[in-house]
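The values are calculated or read from the model by the stated rules, or taken from the named source; none is laboratory data. Please read all numbers here as calculations on a predicted model, not as lab measurements. Cβ sites come from the backbone with ideal geometry, for glycine too, and all protein chains shown count toward neighbours.
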Amino acid sequence: MNRQGLLLAVLRVSGIGMLFALFFVFCPFEWMVRINALLALEELVYTPVISYLIRTLSAMYAILGGLLLFVSTDVDRYAKLIRFLGGIGIGAGAGIIVLDAVLGLPIIWTVSEGPMTIGLGAIMLWTCRDTCDAANTEAT
């Protein structure tokens, strides 16, 4: 598989995966409480703000998933955006690692979520490098 094929695969698989977050925009809060208990986290208590934060974060993941699918339709055209998203992914992944650790989330969560986000960003930057350089050269 060449770089562009890897980029397409990463964008599409990640995009589809993130779209699954749309489920939590609409799922009953009681289901979230059960999932939280299965993860052996502290009790999840309903408040309007907690429900709002869960649902809007889930919506943002779904929107990002849709965006990744969209840019995968023309990686040459959206190369600069892909590079930008890759850079954001690396920075956000580092922040997520720190946040997860500070919040005391389960270690499996801390060692997977942030590093996967960094990895996604790095793959986007690496696989888009030649395409982005070509797009930048044409623009000048």
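Taken over the stretch 1-40, the residue count meeting the criterion of being modelled with pLDDT of 95 or more and among the polar types (S, T, N, Q) is 1.
Specify which of the listed residues (A62, A21, A40, A9) is out of contact with any Lys or Arg (no Cβ under 9 Å at 6 or more places or on another chain), loosely packed, with under 12 Cβ neighbours inside 10 Å and of a type in the set (G, A, S).
Numbers: A62 fails: loosely packed, with under 12 Cβ neighbours inside 10 Å; A21 fails: loosely packed, with under 12 Cβ neighbours inside 10 Å; A9 fails: loosely packed, with under 12 Cβ neighbours inside 10 Å.
The unique qualifying residue is A40.
Close contacts from the stretch 121-140, counting a first residue that is more than 12 Å from R3 (Cα to Cα) and a second that is modelled with pLDDT of 60 or more and among the β-branched types (V, I, T), with Cβ to Cβ under 6 Å and a gap of 6+ residues or different chains, come to G121/I90.
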